[in-house]
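Here's the structure we're looking at; comments come further down.
The values are calculated or read from the model by the stated rules, or taken from the named source; none is laboratory data. All figures in this text were calculated on a predicted structure; none of them were measured in a lab. When we count neighbours, we look across all protein chains shown, and the Cβ atoms used for this are built from the backbone with ideal geometry, even at glycine. Protein only, heavy atoms only, side chains kept; ligands, DNA and RNA dropped before computing areas. Shrake-Rupley method; radii C 1.70, N 1.55, O 1.52, S 1.80 Å.
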Amino acid sequence: MPHSKVYYGADYNPDQWLDRPDILAQDIELMKKANISVVSLGIFAWATLEPEEGKYNLDWMAKIIDDLYAAGVRVNLATPSGARPAWMTRKYPEVLRVGANRVRNLFGERHNHCYTSPVYREKVKQMNQQLAARFGRHPGVIMWHLSNEYGGECHCELCQEAFRGWLREKYGTIEAVNKAWNSKFWSHDYPDFSYIESPAPHGENSVHGLKLDWKRFVSHQTIDFMKWERDCLREIVPESKVCANMMYFYDGIDYFDMAKEIDLATWDAYPTWHKPTETIEDTAIDTAFMHDLYYSVKGQPFWLMENCPGPTNWQPISKGKKPGMNIFAGLQTVAHGGDGVLYFQWRQSQGSSEKFHAAVVSHDCREDNRIYMECAELGSILKEIAPVAGAKREKQAAIVYDWSNKWALEDAQGPRNKGLSYKHELLRHHQGLTQNGIDVQIINQDSDLTGYKVVVAPMLYMLREDFCEKLRRFVQDGGVLVVTYWSGVVNETDLCYLGDTPHNLTDVLGVRRMEIDAMYDGETRRCVTESDELPQVAHGSILCEVAALEGAQPLMVYDEDYFSGAPVVTEHAFGKGKAYYIATRLERDFYKPLYRLICEDVVSSCWPTHLPEGVHASARGEYVFLQNMTEAYVWAENLELAPYCMAVYKREGDALVLVYNQPEFKWSPIK
Ligand code: GLA
Ligand code: ZN
């Protein structure tokens with residue numbers, strides 16, 4: 001992947017416009033004017049590419065790729081497996097998905113196929129290889145966009161058999177499965193593998209180990225299908241580079257596993273900017289966490305594969321973006337390690353469900369349309385800051401976010417079934433660190449902790465023995481570990497650990513869990529501290545863990561209820577490092593001072609002085625990005641940052657030299 005630029009582009013679906021050469025010609029002109037350098041082409045074009053079984057029609061695509069190439073626009077060519085033509089489903093019904101209720105879907109929608117079906121895999125192979133043979137070596141084709149937003153699950157007989165095979169491989173014997181799932185409970189013992197069925201609304205839902213393994217299997221099978229697509233391409237063009245677009249906080253696939261199989265991680269972002277219940281900073285923090293996740297899944301620059309330059313059409317309220325917001329979103333991506341900023345989609349569709357979804361070019365087809373103008377402006381800014389492309393991020397702090405843990409945690413049937421909002425817990429720690437200018441990467445239990453100074457394990461309910469060992473060694477060798485309530489409770493098949501918890505960490509943390517109390521929505525418990533560095537009063541919510549001190553120093557304690565006086569935040573020296581424990585979920589604002597205290601002598605901010613409220617700093621290589629996440633003009637050092645605007649600095653020795661100061665995008669309906 002050449003790193004000479006930040007790629008800028010959109011999903012391009014010219015198959016919807018083949019009868020309008022005037023539109024296709026305008027596309028090229030407007031792409032050039034907006035500095036578009038790449039498009040994801042033909043994501044849902046299967047029916048046009050293969051209108052009848054085995055009859056391929058690729059000439060139109062050849063012309064599009066040539067025309068784009070001549071205009072300097074590169075192609076991220078899609079394999080069209082995200083939606084299939086009608087003829088296929090009539091001839092081969094097995095390609096359609098079966099729901100958890102065991103009913104097979106009809107033709108319709110997209111992403112409606114079985115990842116196991118040999119027929120579907122064969123059809124995909126034929127299609128992908130046609131594309132690879134014709135276009136795989138075209139100089140304009142720089143990347144393959146594998147399918148689209150892989151996801152969902154299928155419960156057909158083929159998938160059930162594949163699940164049983166996966167379990168056989170994992171556990172060896174049925175006895176081992178029964179033990180791992182504690183299936184004696186309610187007499188659920190499985191006499192042999194043939195008895196095992198995926199969870200169903202009218203079937204099994206109480207064997208947590210089964211449900212967890214089903215989720216792992218679905219993730220595995222989806223990735224296996226993706227690998228099949230990739231390898232079909234590579235059979236024809238071995239050097240093919242591939243990417244896949246991942247989705248926000250999507251539950252169904254372990255993206256750490258998926259990322260290992262692709263060359264470039266990408267994700268699709270649809271933040272609800274300007275929500276009355278959130279500040280711009282709140283929305284930006286949520287998005288920043290995701291950028292950091294998608295940087296971290298490969299530890300490499302990622303692309304924002306889709307984002308919307310205006311209102312979407314599918315959110316409960318699809319609000320527009322105020323002038324400047326779209327530019328902010330694009331530049332925030334770059335500040336967090338993005339080397340590509342792309343939209344869904346290039347041109348608004350004329351019909352069907354996404355006809356009102358904004359696109360770079362709107363129905364009015366005008367280049368003085370505000371959305372187009374703002375997109376064009378971002379195109380020229382990305383050109384100016386091109387040298388930042390390729391720059392890596394430093395390892396400072398890591399937050400553990402683990403898919404298996406999420407699956408187990410949310411299905412635990414424990415003290416609070418009304419939702420534990422795991423994401424909110426993660427975001428609090430992320431926010432606390434990033435508001436102090438500390439770089440965060442997201443890791444899972446397979447990750448190597450080398451190089452990090454601080455590791456945070458929020459709600460690590462499922463704690464694997466091997467990861468526990470890594471955490472112990474990390475602190476022993478001088479690292480700083482933060483562990484919260486509801487951590488170290490179960491093993492990797494969701495069996496509760498016997499003995500003291502957090503499992504195998506009580507000596508590291510110097511505390512031992514005794515009880516946990518669940519809070520109703522809005523219910524809190526007062527917490528107090530004598531430390532000058534923390535807010536004097538805070539409030540615990542969601543879950544309040546009651547722990548016994550076993551060597552740790554309390555920094556904050558509960559101040560009400562029968563557990564008044566029990567520790568809320570503790571500090572403990574272990575080996576050459578330190579371990580902190582947090583017994584409950586505190587207010588969001590608590591985490592900035594908390595992490596200032598925790599990180600004080602351990603990691604330093606990428607910004608040398610105090611950051612004004614709502615201004616965030618992040619670093620990539622020698623570049624430091626300062627972003628104003630407020631709607632006001634803000635002074636940072638000697639620079640005035642306009643609302644939503646960013647400045648880029650370059651480290652030169654100890655100094656930070658301003659290399660780019662973004663102009664404010666101004667637009668008014670009144671001429
Ligand atoms: C998803 C899909 C796109 C499009 C957008 C609309 O991200 O990948 O094809 O449907 O949503 O926001
Ligand atoms: Zn299936």
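Quick notes on this structure:
- Size of segment 10-91 from its Cα atoms: along the principal axes, largest to smallest, the extents are 45, 22, 16 Å.
- Separation between Cα centres of segment 466-528 and segment 151-217, rounded to whole Å: 29
- Check: segment 42-97 dipole with +1 on Lys, Arg Cβ and -1 on Asp, Glu Cβ, in debye: 220
- Per-residue HN-Hα couplings for segment 282-296 [Karplus 6.51, -1.76, 1.60; θ = phi - 60°; Hz; x = Gly/Pro]: 4, 5, 5, 5, 4, 5, 4, 4, 5, 4, 5, 4, 6, 5, 6
- When its C-alpha radius of gyration is set against 2.2 N^0.38 Å (N residues), segment 615-661 gives a value of 1.10.
- Here each label is just a point 7 Å from Cα along the line to Cβ, and for Lys275 and Tyr92 those points are 4.1 nm apart.
- Dipole check for the chain: with +1 at the C-beta of Lys and Arg, -1 at the C-beta of Asp and Glu, and the Cα centre as origin, the magnitude is about 1400 Debye.
- Comparing Thr287, Pro608, Phe302 along the charge dipole axis of the chain, the residue lying farthest to the positive side is Phe302, per the Cβ-charge model.
- Selection from Gly172, Ala335, Met127 lying farthest towards where the dipole of the chain points positive, charges on Cβ: Met127
- Nonlocal amide H pairs with Ala547, under 5 Å, H built at 1.01 Å: Met514
- Kirkwood estimate for the chain, i.e. one over the average of 1/r between Cα atoms, Å: 26.7
- Segment 1-145: translational diffusion in µm²/s, Stokes-Einstein, Kirkwood Rh over Cα pairs, 20 °C, 1.002 mPa s: 131
- Size of charge dipole - segment 1-122 - debye, nearest 20, with Cβ of Lys, Arg +1 and Asp, Glu -1, no other charges: 520
- In the frame of its principal axes, segment 397-599 has Cα extents of 39, 37, 30 Å, reported largest first.
- Reported to the nearest whole Å, the Cα centre-to-centre distance from segment 637-660 to segment 78-100 is 51.
- The amide H of Val361, built 1.01 Å from its N in the peptide plane, has Arg347, Gln348 as neighbours under 5 Å, considering only residues 5 or more places off or on other chains.
- Packing-based order for 493-499, 6-12, 321-327, using average beta carbon neighbours within 10 Å, highest first: 6-12, 321-327, 493-499
- Vicinal HN-Hα couplings computed from phi for segment 504-519 (Karplus, 6.51 cos²θ - 1.76 cosθ + 1.60; Hz; Gly/Pro x): 6, 10, 4, 6, 5, 7, x, 9, 9, 5, 10, 8, 9, 10, 8, 9
- Proximal lysines to Lys170, defined as alpha-carbon separation beneath 30 angstrom and excluding residues fewer than eight positions away on the same chain: Lys123, Lys125, Lys179, Lys184, Lys211, Lys215, Lys227, Lys260, Lys298, Lys406, Lys423, Lys470
- Heavy-atom accessible surface of Trp17, to the nearest 10 Å², is about 30 Å², with a 1.4 Å probe and all protein chains retained.
- Here each label is just a point 7 Å from Cα along the line to Cβ, and for Val657 and Arg20 those points are 4.9 nm apart.
- Using the Cβ-Cβ distance between Asp521 and Tyr248 with R0 = 25 Å, the FRET efficiency computed as 1/(1 + (r/R0)^6) comes to roughly 0.55.
- Most tightly packed first, judged by the mean number of other beta-carbon atoms within 10 Å of their residues, the peptides 90-101, 242-253, 184-195, 423-434 read 423-434, 242-253, 90-101, 184-195.
- Amide H contacts under 5 Å for Val483, placed H, 5+ residues apart: Ala457, Tyr580, Tyr581, Ile582
- Placing pseudo-labels 7 Å out from each Cα toward the beta carbon at Asp282 and Ser380 gives an inter-label distance of 3.6 nm.
- Accessible-area ranking of Lys666, Lys170, Lys406, Lys392, largest first, probe 1.4 Å: Lys666, Lys392, Lys170, Lys406
- Positive-end ranking of Tyr581, Leu626, Pro643 along the dipole of segment 574-671, with charges on Cβ about the Cα centre, is headed by Tyr581.
- Ranked packing of 384-390, 479-485, 521-527, most packed first, by mean Cβ within 10 Å: 479-485, 384-390, 521-527
- Summed over qualifying helices (DSSP H, 4 residues or more, each -39500 (n - 2.57)) and divided by its residue number, the chain shows a 222 nm mean residue ellipticity of -9000 deg cm²/dmol.
- Segment 412-435 residues near the modelled Arg588 label - backbone nitrogen below 20 Å, point 7 Å along Cα→Cβ: 419-435
- For segment 397-599, the relative contact order works out to 22 percent when only alpha carbon pairs closer than 8 Å and six or more residues apart are counted.
- You can think of it this way: the chain between Glu664 and Tyr497 has 54.6 nm of extra reach, that is 0.36 nm per residue less the Cα-Cα gap.
- Cα centroids of segment 260-306 and segment 564-578: 33 Å apart.
- If you sort Glu545, Glu109, Glu622 by accessible surface, 1.4 Å probe, largest first, the order is Glu109, Glu622, Glu545.
- Residue ranking by accessible heavy-atom surface, 1.4 Å probe, largest first, among Lys275, Lys650 comes out as Lys275, Lys650.
- Residue-level accessible surface for Ile371, protein heavy atoms, 1.4 Å, Å²: 30
- Here the Karplus relation 6.51 cos²θ - 1.76 cosθ + 1.60, evaluated at θ = phi - 60°, turns the backbone of segment 374-383 into coupling constants of 5, 4, 5, 4, 4, x, 6, 5, 4, 5 Hz, with x for every Gly and Pro.
- Annotation: His539 carries an accessible surface of approximately 60 Å², with a 1.4 Å probe and no ligand, DNA or RNA atoms counted.
- Pairwise FRET efficiency - Lys125 versus Gln413, Cβ, R0 = 60 Å, nearest 0.05: 0.90
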